[in-house]
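Notes follow the structure.
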Amino acid sequence: MKVKIKVNGKLFDKHIPNDMMLIDFLRKYGFYSVKRGCESSNCGLCTVWVDQKPVLSCSYPAARADGHEVTTLEGVLPEAEVFGRVMASMGAEQCGFCSPGFVMAVLALKREIPNPTEEQAREYLAGNLCRCSGYASQMKAVMQYLKEGYQ
């Protein structure tokens, strides 16, 4: 099947297998920030945006992205770096494997819910798993980032 998918502003006009998942499409074309974790939509490591909305690319057929705009961490690096610095300054960064999906979710939260409560943020980010931390320092960093309105 032929698809046209715009990734981070660049159009990919490609033939793909009918059963290809978006994660495989993205990694095939060099978007290595998209991590493979559970492959069952439970960990959030593969989070990307389709038309500015977060999706789990491990369970999102690439064919479904035909004609749409996909954004990966590479497409939001300046903003992601700011949040990354906040995480690091608060001791919230661990091994980093879950970070790309987590960052994409946090940036989507910032766009969708201006000034969320901590409860709203926890609910929004509930699908992002980190096997290294207890989430307390991550949540403090998220709330600091959202509260301060970093640009």
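Table for the structure above
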item: Degrees between helix 77-89 axis and first principal axis of the chain (Cα, 0 to 90, nearest 10); result: 30
item: Crossing angle, helix 99-112 versus the chain [Cα axis fit, 0-90 degrees, rounded to tens]; result: 80
item: Cross-link partners of Lys140 among lysines (Cα-Cα below 26 Å; sequence separation of 8 or more within a chain); result: Lys35, Lys53, Lys110
item: Shape category assigned to the chain from the gyration tensor of Cα positions, a/c cut at 1.5; result: prolate
item: The range 1-35-the range 59-82 distance, computed between alpha-carbon centres (Å); result: 10
item: Linear extension gain, Tyr135 paired with Cys38, 0.36 nm per residue minus alpha-carbon span; result: 33.0 nm
item: Normalised contact order of the range 75-148, rounded percent, pairs of Cα under 8 Å and 6 or more residues apart; result: 46
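No value in this document is a laboratory result; all are computed from the given coordinates. Predicted model only: the values in this text are computed from it and were never measured.
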